[in-house]
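Structure first, then comments.
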Amino acid sequence: MCLNVDGIHKKHNRELIVAKDISFTIKKGELGALIGPSGCGKTTLLRMIAGFETPDQGTISINGQQVFGPGKNIAAENRGTGMVFQDYALFPHLSVIENIGFGPAKRKKKDLDKLISLTGLTGSENKYPHELSGGQQQRVALARALAPKPALLLMDEPFSNLDISLRERLSEEVRYILREFGTTGLLVTHNQHEAFAMADKTGVMKDGILIQWDSGDNLYYHPATKEVAGFVGEGSFILGDISPSGEIVTPMGSFESKSPGLNTHPDPVTLFIRPEDIFVDHKSDTKALLVKSHFRGPGRLHTFELPSGEQFICTDTCPSPLELDKWYGISICNRRVSLFNNNQTH
Amino acid sequence: MTTSIKHQGGFIVSAGIAGVILSPVLFILISGISAEPDIWLHLKQYVLPGLLKNTAFLVTGVICTTACLGVSLAWLTSFYEFSGRRYFEKLLLFPLAIPAYVMAFIYTGLLDFSGPVRTFLRAHTPELGAFFPEIRSGWGAVLVISLAIFPYVYLMASSGFRSMSRSMVEASQSLGGGRLFTLLRVTLPMARPWIFGGLILVFMETLADFGAVSVFNYDTFTTGVYKAWYGFFSVNAASQLASILVIIVLLIFATESYFRKKQQFYNRGSQQQIQRQTLNGMPHILASAFCTGVFLISFAIPVGQLLVWAIEAFEVEFSTHYGKLVTNTLFLGLMGTAVTISVAVILAYSGRLMKDMKTGAVAKLALSGYALPGTVLAVGIVNVVAGVDKNLLGALNVLGIPISGNILQSSLVLLPLCYMIRFLTAGYNPVFSNMTRITPSIDEAANLMKISGIKLFSKIHLPLIRRGITTGSILVLVEIIKEMPVTLMLRPFGWDTLAVKVFELTSEGEWERAALPAITLVLAGMIPVMLLSFIGRNKERNKK
Amino acid sequence: MKKIILTVSMLLIVFSSWAIAAQEELVVYSARKEHLIKDLFEKYEKEQGVKIKYITGKAAVLLQRILSEGKNTSADILLTVDAGNLWHAAQKKVLSPVKSQILNHNIPAHYKDPENRWFGLSVRARTIVYNTDKVKKEDLSSYEALAGDEWKDRLLLRTSKKVYNQSLVAMLIATLGEDKTRSIVSGWVNNLAAPPYSSDTKALEAIAVGQGDVGIVNTYYYARLMKKNPNLPLEIFWADQAGKGVHVNVSGAGVIKHSQKIGQAVKFLEWLSEKEAQKIFADANMEFPVNEAVAPHDYVRGWGKFKESTMNLAKAGELQARAIKLMDMEGYK
């Protein structure tokens, strides 16, 4: 393994917990991502791994070497980590080639040339950062971070200052380059799509806690908690009950429970359904009132309201438009429904 | 106003201001051409080589000393935490209130052969007493002048260091750069424009200094200028030498501009300040000791000596007259500052409208008045104004207004004008760098709200550059309070200032009596200096 | 709003100086320091009702100002502390010749301009002062003697940039010729115990503590210092008594050619040359009155009588440039 984080804990000003018992691992050559709402502590965690901030407890190991632990705290410059900053942090007084080659160790010219061509910067070697576009600056930042051949590359919202098409293109390029170099990476972003597109494993954080560290698929289809479910993609929460026969009874219909280990009747339960798993079904007996509907290419996004007052969303690629304030039949594909105990909080 | 008219206007205004400022300089240059050949020959053969050598030594020495002192102190107080750091940050600015010539007569008084230190040493340790270095030498002059003006470098370097984004240091660390490496390759180079700015101020002040070097009897270019004038009574020969000074300064400006062309030193990213690192053990002690030592010798000891002398001479020297001296000093200071800052804002504003070489060059020319020794500049101004006066009088008489005497010269117009030319640089730099806060998008938003012209300036721009204006005003005010040669020459009747009084007494060898106006001057100067240090502190507070 | 107030106040100030004086007034451009003339000028105003407005500064600067101001100059009188400066003023045709019986009577011929353009008002002697512990009176004689080898490392002097030394050397050139003066100055420089001082007082203090044994200063600096520290081992020696006599200089004045009040100015000068004003003028600075009928301050009188050089001080101005060049060439800083 390349990065091993274990039991990291940090309190700010003795009150605010920015990291609570965080543990995860990234295998060599893999790319991990951290997502979560603002203030969840993902950037702080990244900086602790880099060595710019110090945890209160826990251990961090890179490439089998412990860089932080009880009685040990290796300085940032000696950890073998590279960092791409959100504002790129390019040295304004140095040219592109000087930026990329920056550091106490001398870089080989051919390595630098390779990096320059790999990041598409050929021809700009002697320009200064303020003469470059945002995308070019980002590439310089990336090339500079990769030049010392770090074992682990950390990226703090590297694409947040770029427009969408550029962002998508660059994230692909970055992934490709990292694979080429065999570099392990950890990316912090608020853009879920980016995380899922690039990373092998993604972690969802909230209030300093790493709730779930998993592949994108699992996070989407098997969220561990309500927070994860609500944060990753979209969906609707519907309350339901467990019948004596083990069935789940909801205002949207009853169906068999596929999730083991839930409390039995009569404890209430919360369902989580993705919008693509709910359909407008004229044959269905379950009815819901259409309250909102807008175009969301492809198809439309409808907001329905149940007699219980709960609302849910569903996507509909069917071309025939529906009328507002009318009741329509709906049905669920229950294969991918997630169930949560009501007392599950995080 | 279409853009091109605005641009034209900007250039015309800058050119106009530069013209006013340069007219005395031009007068100097022109009189220099018609210098008396035999005086010039004598100067060239017997006097000039010594002057050049001494001036080079002095300027180099002061630049190196102030660079070391200023940068190291700024580095310590910007990046590290140690006992007293919060106080030292401000205290190290205080020496700005002490004019170099006052620092000079204090230290020669203290460390001269007949002074208390060497007398004591001779009595108790005769060998040490004999070996004590002579303060009245090139080294002494370098040391004393450096003590008085290192705060400029300190101030500028601190600005540079504190404005550096945290991510610069972290980026260097992430690339393997340790503390020393980061300091040498990132911190210092990125602060270079600020440090150079401070060093240029130091360079020009040292060149133009006359009071301090006279105390040391150390002959520099400027003393040569005065020798030609006071000794040979040849204003033209004096002008010729002064012209050389101006040319040297313009060359330095040109060189600095050239080297700075391509690079930019501002990072438009996040501006999180660098967190200070706490020092422990020996480094902690050394840091506190160093700062304390510098403060002692640059401020506490000189002011202490002044107090001792002032108390001794109080009865003899003090009179109700002193109230008038203080009010004169402050009034002239404030008026001069108002004029200087107004011009600085206008110049910076038009420089902002036009970002091309032309206006930039014109602005630089306008700033070169700083390098002229005060009295030389005054000569230029007096002659230009006398010419204007003559014509003005003529015109008025034609109109039937029977005025005699001199209009401009007996009024208080000359003095602030001279101050403006002399100190424009000190006011301009803070204002101009602050102007970068006015972005085009602000202008566009304002236009949408139909705000333009004067309203745009006063309601929107002015608040944004308020900090620059305040800093600039404070720096200029301190300078004017300390200023002596120009005030001496151009003040109208009854307008003596504290600096003039100090000169009168020290030129008669009355050190103790001079201490009274000197300490009053320092106290007066300390008010703006303390204001300056509070601005710095509030800046930090707001950033948090 | 603030700007309006500022502008208006500035305009007021600019034009306030036009206010016509309610009384008669004279304007003096003075190189003599304020504290030495203030009381005397106020006395004149009280007695004669004429207000004396004055501005102090360096002589060359004041002269330049008068020249720049030209016909419109506000100066009526130029008062300096050295005859050389007065000579230069006369050369630049800034002073007006004055015909005054009183001035001619009160002021000896060698203390005024042969063409009556300027008049000395007080006399200061520049003579030798020595450390009584190290030097005996018998060892001293003249200025030239101090260039001798026996004085090696024992001499302390003030800078050659000060006009007093320039006048001294100019007078030496006038009496002894340029070549001899050159060797004298060269000898002085060789004998210096320390680099030249920027002030006479500092030089005296240095002699008192033994950095040097002997120096050349203006007597009033000696008087001031001894008043503060009566116990210093310093004593005045009247130089060159066997020769031409002690080098003296004057603080004097002239009437400005373009003055609108020449009559008043002459009256003022005459008043200054009379007994009462003379006593105040000279005593304020421990100098010698130029009017021989007036006795100097008691303290000054205590130094005893001495023979003074009677060469006309116009020579000091005439030869000043040559003196400076000579000093530069011999390395006398």
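Evaluated against (1) in a loop (DSSP other than H, G, I, E, B); (2) more than 18 Å from the chain's Cα centre (by Cα); (3) of a type in the set (A, V, I, L, M, F, W, C); (4) at pLDDT below 90, A:ILE17 falls short on exactly one condition, (1).
A quick yes/no check of all residues on (1) part of a loop (DSSP other than H, G, I, E, B); (2) out of contact with any helix residue (DSSP H, G or I) (no Cβ under 7 Å at 6 or more places or on another chain); (3) more than 14 Å from every other protein chain (Cβ to nearest Cβ); (4) free of Cβ contacts under 8 Å to residues at least 40 places away in the same chain:
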| residue | (1), (2), (3), (4) |
| --- | --- |
| C:LYS71 | no, yes, no, no |
| C:HIS88 | no, no, no, no |
| C:LYS99 | yes, yes, yes, yes |
| C:PRO114 | yes, no, yes, no |
| C:ALA125 | no, no, yes, no |
| C:VAL135 | yes, yes, yes, no |
| C:SER160 | yes, no, no, no |
| C:SER167 | no, no, no, no |
| C:GLY187 | no, no, yes, no |
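Considering each residue of the stretch C:196-217, count those that are at the interface with chain B (Cβ under 8 Å from one of its Cβ atoms), part of a helix (DSSP H, G or I) and in contact with a Leu (Cβ under 8 Å, 6 or more places away or on another chain), and give that number. Of the residues in the stretch C:196-217, 4 are at the interface with chain B (Cβ under 8 Å from one of its Cβ atoms), part of a helix (DSSP H, G or I) and in contact with a Leu (Cβ under 8 Å, 6 or more places away or on another chain).
Looking at A:LYS106, A:LYS114, just one residue is over 26 Å from the mean Cα position of the chain (by Cα), surrounded by fewer than 18 Cβ atoms within 10 Å (Cβ to Cβ), outside any loop (DSSP other than H, G, I, E, B) and more than 10 Å from chain B (Cβ to nearest Cβ), and that residue is A:LYS114. If you filter the stretch B:90-130 down to residues that are away from every other protein chain (no Cβ under 11 Å) and part of a loop (DSSP other than H, G, I, E, B), you find that the one that is surrounded by the fewest Cβ atoms within 10 Å (Cβ to Cβ) is B:THR125.
For the stretch A:149-172, filtered to residues that are out of contact with any Cys (no Cβ under 8 Å at 6 or more places or on another chain) and among the aliphatic types (A, V, I, L, M), the residue that is nearest to the other protein chains (Cβ to nearest Cβ) is A:LEU154.
Residue by residue, here is whether (1) in contact with a Phe, Trp or Tyr (Cβ under 9 Å, 6 or more places away or on another chain); (2) outside the structural domain of C:ILE324 (by TED's automatic domain parsing); (3) modelled with pLDDT under 90 holds:
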position	(1), (2), (3)
C:SER96	no, yes, no
C:HIS110	no, yes, yes
C:ASP153	no, no, no
C:ARG158	yes, no, no
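The lone criterion from (1) in contact with a Leu (Cβ under 7 Å, 6 or more places away or on another chain); (2) away from every other protein chain (no Cβ under 14 Å); (3) surrounded by fewer than 22 Cβ atoms within 10 Å (Cβ to Cβ) left unmet by C:TRP238 is number (1).
Hey, among B:LYS455, B:LYS501, which residue is surrounded by fewer than 20 Cβ atoms within 10 Å (Cβ to Cβ), of a type outside the set (Phe, Trp, Tyr), part of a helix (DSSP H, G or I) and over 20 Å from the mean Cα position of the chain (by Cα)?
Just a single option satisfies the conditions, and that option is B:LYS455.
If the condition is being hydroxyl-bearing (Ser, Thr, Tyr), under 25 Å from the mean Cα position of the chain (by Cα), within 30 Å of A:ARG144 (Cβ to Cβ) and assigned to a helix (DSSP H, G or I), then the stretch B:146-170 contributes B:SER158, B:SER159. For residues that are modelled with pLDDT under 75 and not in a helix (DSSP H, G or I), tally how many sit in the stretch B:391-426. Summing the residues that are modelled with pLDDT under 75 and not in a helix (DSSP H, G or I) in the stretch B:391-426 gives 13. For the stretch B:205-219, a residue qualifies if it is within 12 Å of another protein chain (Cβ to nearest Cβ) and not hydrophobic (A, V, I, L, M, F, W, C), and the qualifying residues are B:GLY211, B:SER214, B:ASN217, B:TYR218, B:ASP219. The set of residues in the stretch C:6-29 that are modelled with pLDDT under 90, facing chain B (nearest Cβ under 10 Å) and in contact with a strand residue (DSSP E or B) (Cβ under 8 Å, 6 or more places away or on another chain) contains only C:GLU25. The set of residues in the stretch C:30-51 being outside any helix (DSSP H, G or I) and either farther than 12 Å from B:PHE493 by Cα or at the interface with chain B (Cβ under 10 Å from one of its Cβ atoms) (or both) consists of C:ALA31, C:ARG32, C:LYS33, C:GLY49, C:VAL50, C:LYS51.
Pull up the stretch B:189-204, narrow it to residues that are surrounded by fewer than 21 Cβ atoms within 10 Å (Cβ to Cβ) and facing chain A (nearest Cβ under 10 Å), then point me to the one that is nearest to B:SER243 (Cα to Cα). Here the residue is B:PRO193. Here are A:LEU94, A:LEU90, A:LEU146, A:LEU45: which of them is touching a residue at least 60 places away in the same chain (Cβ under 8 Å), within 13 Å of chain B (Cβ to nearest Cβ) and crowded, with 19+ Cβ neighbours inside 10 Å? That would be A:LEU146, the only listed residue that is touching a residue at least 60 places away in the same chain (Cβ under 8 Å), within 13 Å of chain B (Cβ to nearest Cβ) and crowded, with 19+ Cβ neighbours inside 10 Å.
Out of all the residues in the stretch B:509-528, which are out of contact with any helix residue (DSSP H, G or I) (no Cβ under 6 Å at 6 or more places or on another chain) and more than 12 Å from chain C (Cβ to nearest Cβ)? Passing the criteria: B:LEU523, B:ILE527. Of the strands (runs of 3 or more DSSP E) lying entirely inside the stretch A:270-346, the ones with 1 or more residues being closer than 29 Å to A:ASP207 by Cβ are found at A:300-305, A:311-316, A:338-341. C:ASN229 meets the conditions (1) among the polar types (S, T, N, Q); (2) buried (at least 21 other Cβ atoms within 10 Å of the Cβ); (3) more than 8 Å from chain B (Cβ to nearest Cβ); (4) more than 26 Å from C:ASP149 (Cβ to Cβ) in every case but one. The failed one is (2). Among the conditions (1) within 14 Å of chain A (Cβ to nearest Cβ); (2) in contact (Cβ under 8 Å) with a residue 40 or more places away in the chain; (3) touching a helix residue (DSSP H, G or I) at 6+ places or on another chain (Cβ under 8 Å), the only one that B:LEU175 does not satisfy is (2). Count of the stretch A:268-299 residues, restricted to those that are closer than 19 Å to A:CYS333 by Cβ and touching a residue at least 60 places away in the same chain (Cβ under 8 Å), is 7. Within the stretch B:456-506, if we keep just the residues that are farther than 30 Å from C:GLU34 by Cα and small (Gly, Ala, Ser), the residue that is nearest to the other protein chains (Cβ to nearest Cβ) turns out to be B:SER458.
Note on the stretch C:247-257: among residues that are more than 15 Å from the chain's Cα centre (by Cα) and part of a strand (DSSP E or B), the one that is surrounded by the most Cβ atoms within 10 Å (Cβ to Cβ) is C:VAL255.
The values are calculated or read from the model by the stated rules, or taken from the named source; none is laboratory data. Being a predicted model, the structure only gives us computed values, none of them experimental. Heads up, the Cβs are rebuilt from the backbone with ideal geometry, glycines too, and the neighbour counts pull from every protein chain shown.
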